[in-house]
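The values are calculated or read from the model by the stated rules, or taken from the named source; none is laboratory data. Note that this is a predicted model, so its numbers are computed, not measured. For neighbour counting, all protein chains shown are included, and Cβ atoms are generated from backbone atoms with ideal geometry for every residue, glycine included. Note: areas computed on protein heavy atoms with side chains; ligands, DNA, RNA excluded. Shrake-Rupley method; radii C 1.70, N 1.55, O 1.52, S 1.80 Å.
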Amino acid sequence: MSDSETYEIFALKYAERTNRKRVETFIRDDEHNSPHPIDYFVWVIRNDNRTIVVDTGYDSKEAARRSQPIIREPREALAIIDVDAGAVEQAIITHFHYDHAGSLGQFGAARFHIQEAEMVFATGPCMCPGHMQKSFTADHVCQMVQNVYSGRVEFHDGDAAIAPGITVHKIGGHSRGLQCVRVMTKRGWVVVASDAAHFYENFEQRKPYAVVVDVADMIKGFKRLYELADSPDHIVPGHDPLVLERYPPFRDNLRGIVHRIDVAPAK
Ligand SMILES: [Zn+2]
C-alpha cells in the first residue's frame, strides 16, 4: 500500500484526572507522592479521502461506574470537528482498556481494527477476577465479541496497513495486544503512541508505566516508537497534558479541547 497520502491528525481531550500521583505512572519512581495529572484523548486521522478514529474513549455511563469524571463524551468531542460517531466507517482500537474501547455502541457503522493478541488477552485467563481485569470493562469486551460475530472486526497480527499512509504496529507491554498507529503527514511519519507511552517521560527516559503486562515488551516498545517515527518530535504520547501545550489548538476557541498533532510541536 502506498504512503502517498498525507493526513491531518487531531487529539481530542474528553476527560482528565488532576488528583493523581506519580506512583500511578512510574514504577519505582523517586517522587512517588508528587502530583501527576493525566489527560484522556481520542484521535482523528483525516484527509479528503477518509476519516479514521483512533479509540472510542469512555462514555458517561462508564464514568459513573468508575466514579471517574468526564468532560465530554467522545462522540461530543468528535462532533466539534464535524465527525459524526454514528457515521464513522473505520476505527482503530489501540487496546481494550476501558478508556480506549468504551462507547463502542455509538460507532454503529464502524469497522474496528484490533490486534488478535488483544482479543485473546481480554477473553483469557488473565481476566479472571483480580489485578489484570481492573483496566477492562466486561461490557466493552462483550460488545467487541458481538462485533466479531457481525463481521465488523478486522484482526491484525503485528504490523498492518490500514489505508495509504496509515499503519498499525503491535507493541504489547502495557496490554498484550496494544498497537500504536503511524500516520504520514506533511512533516513525515507521526506515531500516535496511545498507551505504548502514556507520557513523554515514559519513552524519553525509558520508564515503564505502572499498569503493565510485560515490562520487557514495554521497554522494547519505547525503542520501537523511535524506529517508527521520523524523529522523537514525531512521537505523540497517549495521556500527557504536555501534548496540549506543545501542539497548537485546531482553532483558538478549541485550546485544551482539540489540538493538531500532525504539525510540528513547539519546543
Ligand atoms: Zn491503557
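The residues packed around F203, meaning those with a beta-carbon under 14 Å from its beta-carbon, carry a net charge of -2 if Lys and Arg are +1 and Asp and Glu are -1. Relative to the compact-globule estimate of 2.2 N^0.38 Å, the Cα radius of gyration of segment 1-154 comes out at 1.11. Between D39, D48, D29, the residue with the greatest mean-square fluctuation in the GNM of the chain (Cα pairs under 10 Å linked by springs) is D48. Gyration tensor analysis over the Cα atoms of segment 123-183 returns equivalent ellipsoid semi-axes of 24, 16, 8 Å (largest first, whole Å). Based on C-alpha pairs under 8 angstrom that are at least 6 apart in sequence, the chain has a relative contact order of 20 percent.
Simple spin-label estimate for V215 and S231 gives 3.4 nm between the two label positions (7 Å along the Cα-to-Cβ direction from each Cα). Amide H contacts under 5 Å for V153: F112, restricted to partners 5 or more places along the chain or on a different chain, H placed in the peptide plane at 1.01 Å from N. Overall shape of segment 223-267 was characterised from the C-alpha gyration tensor. The equivalent ellipsoid obtained from it has semi-axes of 22, 10, 8 Å, in decreasing order.
Enumerate the lysines that K21 could reach by cross-link, defined here as Cα to Cα under 24 Å, with residues fewer than 8 away along the same chain left out. Hits, sequence-local ones excluded: K13, K134, K207. Available extension along the chain between A266 and N19 is 86.2 nm, counting 0.36 nm per residue and deducting the alpha carbon span. Ligands, DNA and RNA left out, the accessible area of segment 210-267 computed with a 1.4 Å probe is 54% carbon and sulfur.
Take every pair of alpha-carbon atoms less than 8 Å apart whose residues are at least six positions apart; their mean separation over the length of segment 143-267 yields a relative contact order of 20 percent.
A cut-off of 5 Å between modelled amide H atoms, ignoring neighbours fewer than 5 places along the same chain, links A101 with T56, G57. Restricting the calculation to alpha carbons of segment 180-267 gives Rg and Dmax of 13.0, 42 angstrom. Here the contact order of segment 31-117, divided by its residue count and restricted to Cα pairs under 8 Å and six or more residues apart, works out to 30 percent.
In this simple spin-label model, placing a label point 7 Å from the Cα along the Cα-to-Cβ direction at both Q205 and D159 gives a separation of 3.1 nm.
At full extension, N253 and D30 could sit 76.5 nm farther apart than now, given 0.36 nm per residue minus the alpha carbon distance. For the chain, the fraction of alpha-carbon pairs lying more than 27 Å apart is 31 percent, rounded to a whole number. Restricting attention to the chain, close to 70% of DSSP beta bridges with both partner residues there are antiparallel. Averaged per residue, the chain has 43 square angstrom of accessible surface, using a 1.4 angstrom probe with ligands and nucleic acids left out. Couplings 3J(HN,Hα) of segment 128-144, computed from phi: 4, x, x, 3, 5, 6, 4, 7, 10, 10, 4, 4, 5, 5, 5, 4, 5 Hz, in residue order, whole Hz [Karplus 6.51 cos²θ - 1.76 cosθ + 1.60, θ = phi - 60°; x for Gly and Pro].
Each residue, E76 and Y149, gets one label point 7 Å from its Cα in the Cβ direction; the gap between the two is 3.3 nm.
Mean silhouette area of segment 1-90, derived from the convex hull of its C-alpha atoms and averaged over all directions, reads 8.4 nm².
Work out how much length E5 to R187 would gain on full extension: take 0.36 nm times their residue separation and subtract the Cα-Cα distance, in nm to one decimal.
64.3 nm
When the helices of the chain are scored as -39500 (n - 2.57) per DSSP H run of n ≥ 4 and the total is divided over every residue, the value at 222 nm lands at -5500 deg cm²/dmol.
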